[in-house]
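Student: Got a structure for you, written out below as structure tokens; questions coming shortly.
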Amino acid sequence: MTDARPRGFTLVEILVVLLVIGILTGIAVVSLSALGHAPRSEQVARRLAGLVELASQQAVLTGSRYGLRVDRDG
């Protein structure tokens, strides 16, 4: 008995496999990017940079000196 159907994969099967690979890759990228940095710390860093820039501009406008002190207690 010979099989009349040719061997191989159909287009639908290949597309399903590509879809699954794409979904798994997307989940992996999102998971790895979430582990790489904390969004909260990024927000705090941007806020600090903005405050330093504001202090710099006020110092220029008023002719005053401003400083930044960082200690362990925050």
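Nothing in this text is a laboratory measurement; each read-out follows from the coordinates by a stated rule. Just so you know, these numbers come straight off a predicted model, no measurement behind them. Virtual Cβ from ideal backbone geometry, glycine too; neighbours counted across all protein chains shown.
Student: For region 59-65, take each phi angle, set θ = phi - 60°, evaluate the Karplus expression 6.51 cos²θ - 1.76 cosθ + 1.60, and give the result in whole Hz per residue in order, putting x for glycine and proline.
Tutor: Per residue, the Karplus-derived 3J(HN,Hα) values read 5, 5, 5, 9, x, 8, 9 Hz.
Student: Based on the alpha carbon coordinates of the chain, what radius of gyration and maximum Cα-Cα distance (Dmax) apply, in Å?
Tutor: Gyration radius and largest Cα-Cα distance of the chain: 28.4, 96 Å.
Student: Under a 10 Å cutoff between Cα atoms, tell me which one of V52, V20, V12 has the largest fluctuation in the Gaussian network model of the chain.
Tutor: Of V52, V20, V12, the most mobile in the Gaussian network model is V12.
Student: Another question, then. Return the sequence-ordered ³J(HN,Hα) values of region 25-31 in whole Hz as given by the Karplus equation 6.51 cos²θ - 1.76 cosθ + 1.60 applied to θ = phi - 60°, using x for Gly and Pro.
Tutor: Values per residue, Gly and Pro as x: 5, x, 5, 5, 5, 5, 5 Hz.
Student: Work from the charge dipole of the chain (Cβ charges, +1 for Lys and Arg, -1 for Asp and Glu, about the Cα centre) and give the residue of I14, G26, A59 farthest towards its positive end.
Tutor: Going by the Cα projections, it comes out as A59.
Student: Among G63, G26, G50, which one shows the highest mean-square fluctuation when the chain is modelled as a Gaussian network with alpha-carbon springs under 10 Å?
Tutor: G63
Student: Turning to a different aspect of this structure: Just from its helices, what would the mean residue ellipticity at 222 nm be for the chain, if runs of 4 or more DSSP H residues each count -39500 (n - 2.57) and the sum is divided by every residue, rounded to the nearest 500 deg cm²/dmol? Write out the running numbers ahead of the final one.
Tutor: Working: 2 runs with 50 residues, N = 74.
Only helices count here, giving -24000 deg cm²/dmol.
Student: What residue among S64, S56, S41 has the largest mean-square fluctuation in a Gaussian network model of the chain, using Cα springs under 10 Å?
Tutor: Comparing S64, S56, S41 in a Gaussian network model of the chain, the most mobile one is S64.
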